Amino acid sequence: MKRKYYTNSYVGRFNTKILREETLKDGRHLVVLEETYFYPTSGGQPHDLGTIAGVKVLDVVDGDEILHVVERPIGLEEVECEIDWKRRFDHMQQHAGQHILSACFEKLYDAETVGFHLGDEYVTIDVTLDELTSAMAQKVEDAANELIYRNLLIKTYFVKPEELKNLPLRKPPVVDKNIRIVEIDGEDYSPCGGTHPKTTGEIGIIKIRKWEKKRANIRVEFVCGYRALADYQWKNDQINQVSNLLSIKDKETLDGVTRLYEELKDLRREVRKLKGQMLEYEAQKYYNMAREINGIRLISQIVTDRDLGEVKQLANKIVEKERVIVLFGVKGEKAQVSFSRSDDLDVNMNELLKEVIGLINGGGGGNARSAQGGGTDINNLENLLKSAEIILKNRYLK
């Protein structure tokens, strides 16, 4: 079987014969062609897509022979094949861009590329650096794009193992036969079986998007060619929208957003302060309204349109005072309850909750000081609070 993608990455349509076709037990349909331009998943580069005799190619698997996983059986001997060219050329741009970027990292910072992944949206490489600053990244990016704009030839050829010593390889080959070299016109030599354009100019542009520490290395995320254009387009659109919203120039958006962010932090601090004051006032109000039974204040109240978290905060603020029990029911899309008591009382709120929570078809839990729960029977929330009051009066408030 001939792997024609090695010699010409630009063939998008070709005719050939089916040598073998079979259906596996797992239901997958496999086709082996006499020759193929379909690239299989290998070396960090994803497989091609397309059609064979109009039938979709779902996967291309590398091995002793290239296996084309197709949507359904084909049943023909002579077939016309078509490769998804947009996907193929995108992979060509990204893979060649990776060679250039890796070469620049090595040349400028002696950083070896030890990982490569070509994803659907972004490409990443792992380089042997302890850190990467913005200035370093920009220097690498500038050097990489300079190689692109020189429109250098990208050559591919096979060499024998004994010829390797004559080549300044950036990395050693992982195979010991059929060694294919991708050369960027004297600037970079890499053993590689992937698909690449004929010149660096076809890559268009390389843009480093971001990077992060990954174990002992730095993972660099970047895009090339049409991906870089798409990345610039959405970012430009968003910058323009933000600048219009703030009525400032596009180059001033960072300063404008930073200013708004600082103002928002100040406002949040002020809101927290005001909420704290309101909570103090509301807690005192409920405490003053509480019924007193044998020296213990009891608050039993249904509230609406309140978040359970806010209700718990309110209850906690109330029970900071001595000898008080708070039973809150929260009526919203579902029924929720919050039971709390002061530290100086010997009442187990978790046990109390578990005794009555079934009245609203619910569940919950907590500890002796406070417990929360919820259920679906909103209409029975009042009965739940009344039942909890009766238990408290009969068992604890005598």
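Any read-out appearing in this document is the output of simple, stated calculations on the displayed coordinates, not a laboratory observation. None of these values were measured; they are calculated from a predicted model. Don't worry about glycine lacking a Cβ; one is built from the backbone with ideal geometry, like all the others, and counts go over all protein chains shown.
Values computed for the structure shown
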{"item": "Paramagnetic label zone (point 7 Å from Cα along Cα-to-C-beta, Ala216; backbone N under 16 Å) in the range 116-155", "result": "126-131"}
{"item": "Alpha-carbon gyration tensor eigenvalues x 5, square-rooted, for the range 2-83, Å", "result": "18, 15, 11"}
{"item": "Two-site label geometry, Glu382 and Asp84: point separation in nm, points 7 Å out along Cα→Cβ", "result": "6.2"}
{"item": "Helix-only CD estimate at 222 nm, as mean residue ellipticity for the chain, using -39500 (n - 2.57) per DSSP H run (n ≥ 4)", "result": "-11500 deg cm²/dmol"}
{"item": "Net charge of Cβ neighbours under 10 Å - reference Glu212; Lys, Arg +1; Asp, Glu -1", "result": "+3"}
{"item": "Which listed pairs, of Lys354/Lys386; Lys4/Lys198; Lys2/Lys25, have C-alpha distances above 18 Å, in listed order", "result": "Lys2/Lys25"}
{"item": "Additional length obtainable on full extension of the chain from Tyr122 to Asp344, 0.36 nm per residue less Cα span", "result": "73.9 nm"}
{"item": "Folded to 0 to 90 degrees: helix 225-246 orientation relative to the chain principal axis, Cα", "result": "40"}
{"item": "Fraction of beta bridges assigned by DSSP in the range 263-398 that are antiparallel (%, nearest 5)", "result": "70"}
{"item": "The chain: angle of helix 134-149 to the longest principal axis, Cα-based, in degrees nearest 10", "result": "30"}
{"item": "Answer label, with percent of Cα pairs over 40 Å apart calculated from the coordinates and candidates (1) 16; (2) 20; (3) 51", "result": "(3)"}
{"item": "Helix axis angle, 381-395 relative to the chain longest principal axis, alpha carbon, degrees", "result": "50"}
{"item": "Calculated FRET value between Arg306 and Arg395, using beta carbons and R₀ = 25 Å, to 0.05", "result": "0.30"}
{"item": "Spin-label zone in the range 266-305 - amide nitrogen under 15 Å from a point set 7 Å from the Cα of Glu322 along the C-beta vector", "result": "295-297"}
{"item": "Cα-projected label distance for Leu254 with Asn361, points at 7 Å along beta-carbon direction, nm", "result": "5.6"}
